[in-house]
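Asks: Handing you a structure now.
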Amino acid sequence: MQQYTKRFSLLHFALFSGAIATTLTMSVLPVRSVRAAMQDSPKALVDEVWQLVNREYVDSTFNKVNWQLSRQNLLSKNYTSKEQAYNAIRAELEKLGDPYTRFLDPQQFAALTDQTAGELSGVGIRMEVNEQTKRLTVVEAIENSPALKAGLRSGDEILAIDGKPTQGLDVQQASNMIRGKAGTPVNLRIGRSGQQNLDVRITRAKIEVPTVRYSVKQEGKNRVGYISLREFNAHAAEQMQRAIYDLNRQQVDGYVLDLRGNPGGLLQASIEIARMWLDTGDIVRTVDRRGKSEKIAANRSSLVKQPVAVLVDGNSASASEILAGALKDNNRAVVVGSQTFGKALVQSVHSLSDGSGLAITIAHYYTPKGTDISHKGITPDVKIDLTEAQVRQLATNPNLVGTQNDPQYARAIAVLGTNSLAQTAPNQTLKSSGMR
């Protein structure tokens, strides 16, 4: 079958993630007539998927699956709808036994690309369904967002969206209703404790999603720059750079980089961020289906001279593991927390002819010292696991995260305070030898 996709450098990027679990390479169809033809042919779509997997999958034996027979199975069926084709594709991909090689319907693919772009078109709120009230509740109005400017705040209940009650809706359903084209309005009915219900009309806008949070914390005689990185999206590197510049300006003595709960993100973002913390040394090594090995290294562009502690947990995955592994193996930082997730595979993600997408495992990666973390994760230098009670306490009181009431953070501060563990690495060109 003819290969219909054409790649563009602006859409060629990579993504690591534990939750999304992909290394992303976007491809698009430049010709409208070709797209229309493909949309009308579910059988062409299933063969498009088969061809991509056949060409790129990391294991040339396809995990001992007869991939030629899979093509016959796919093409032997008559599809009366796209949904039938989608189900057939998923069934064949499941035979590979690889949860990271998967089909994304158009809605899932759009959500993935929105997430990796680090932008959304909406009003700028984080929501949850409150466990006690079962009502859709605002967790946060994002900085400089239309929601914040309209006066929405944490704890507000969203009772209706454009007149439709939200009772029974989950967060994804509500998000789909609130998001929309920038410049268009959405009407929210807000319930607020101690007040009458409010009707708020908000104009949607393009919003950069904050993924980096930071602050200066006074820990004894030392000023600590605390940075929390939630994911490696397209804006993560620039947000990280701004945070480091600001904290350096405030003359912090050391850093705590919090990667707990970070499922991963864009490969390029993880490389750029690693180079902000690491002056020399390898960052990661990848190996493809032909056994070709590629190393990515630091480039003497580090922004941080101070000692560093990195916080990780079981939900620190993929790009987070690459960053933590690079800093650990190069003796640039001490890693504190729990064993990480253990994802060492790289995926490419292609846009397909009907707006759906396909993630394909294309490579394996290793830490700078050659460690394969697949299904094992990174072992922290200082291992400290939270009890279930501690996890619940931090989850229900997020203001305690990154404080002395956070046992893993507290241990990181203690580690930074000891010169033996807070030394900068011997292969670094940095001068600081520890916190004062």
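Asks: Take the chain, mark every one of the GluC sites (Glu not before Pro) that falls in a DSSP loop and has at most 14 other Cβ within 10 Å, then report the longest stretch left between them, sites excluded.
Replies: Longest stretch, sites excluded: 144-436.
Asks: Mind jotting down the three principal axis lengths of segment 150-232 based on Cα atoms? Whole angstrom, largest first.
Replies: Ordered largest first, segment 150-232 gives principal extents of 54, 33, 24 Å.
Asks: A follow-up question, please. Using only the Cα atoms of segment 222-300, what do you get for the radius of gyration and for Dmax, in Å?
Replies: Here Rg and the maximum Cα pair distance are 14.4, 50 Å.
Asks: Cut-off 20 Å, label point 7 angstrom out along Cα-to-Cβ of residue 371: give me the residues of segment 323-352 whose amide nitrogen falls inside.
Replies: Those under the cut-off are 323-346.
Asks: Residue 129 versus residue 389, label points 7 Å from Cα toward the beta carbon: distance in nm?
Replies: According to this spin-label approximation, the distance is 3.0 nm.
Asks: A follow-up question, please. Using a 1.4 angstrom probe on heavy atoms only, work out the carbon and sulfur share of the accessible area of segment 306-418 in %. Don't jump to the answer; show the numbers that get you there.
Replies: On the way: 1880 of 3790 Å².
Taking all protein chains in place, segment 306-418 shows 50 percent carbon and sulfur surface.
Asks: Can you tell me the length gained on complete extension of the stretch residue 72 to residue 143, counting 0.36 nm per residue apart and subtracting the Cα distance? Let's see the in-between values first.
Replies: Values: separation 71, 0.36 × 71 = 25.56 nm, distance 5.26 nm.
Length gained, residue 72 through residue 143: 20.3 nm.
Asks: Could I ask something else about it? If I compute solvent accessible area with a 1.4 Å probe over the protein chains, what percent of it on segment 171-247 is carbon and sulfur?
Replies: Heavy-atom surface of segment 171-247 belonging to carbon and sulfur, 1.4 Å probe: 45 percent.
Asks: Here's something else I'd like to know. Of all DSSP beta bridges located in segment 278-416, what percent are antiparallel, nearest 5?
Replies: 75
Asks: Would you kindly calculate the translational diffusion coefficient of the chain, applying Stokes-Einstein with the Kirkwood radius from alpha carbon pairs, for 4 °C and a viscosity of 1.567 mPa s, and quote it in µm² s⁻¹ without decimals?
Replies: Approximately 55 µm²/s, per Stokes-Einstein.
Asks: Moving on. Where only protein heavy atoms count, and the probe is 1.4 Å, what is the accessible area per residue for the chain in Å²? Don't jump to the answer; show the numbers that get you there.
Replies: Numbers: 20150 Å² over 436 residues.
Per residue, the chain has 46 Å² of solvent-accessible surface.
Asks: Where both partners of a DSSP beta bridge lie in the chain, what percent of those bridges are antiparallel, to the nearest 5?
Replies: Given both bridge residues lie in the chain, the antiparallel proportion sits at roughly 75 percent.
Asks: OK, next. Can you compute the FRET efficiency between residue 403 and residue 80 using 1/(1 + (r/R0)^6), with r the Cβ-Cβ distance and R0 = 60 Å? Round to the nearest 0.05.
Replies: Once the sixth-power term is evaluated, E becomes 0.55.
The values are calculated or read from the model by the stated rules, or taken from the named source; none is laboratory data. These numbers come from a predicted model, not from an experiment. Virtual Cβ from ideal backbone geometry, glycine too; neighbours counted across all protein chains shown. Ligands, DNA and RNA are excluded from the accessible area calculation, which covers all protein heavy atoms including side chains. Shrake-Rupley method; radii C 1.70, N 1.55, O 1.52, S 1.80 Å.
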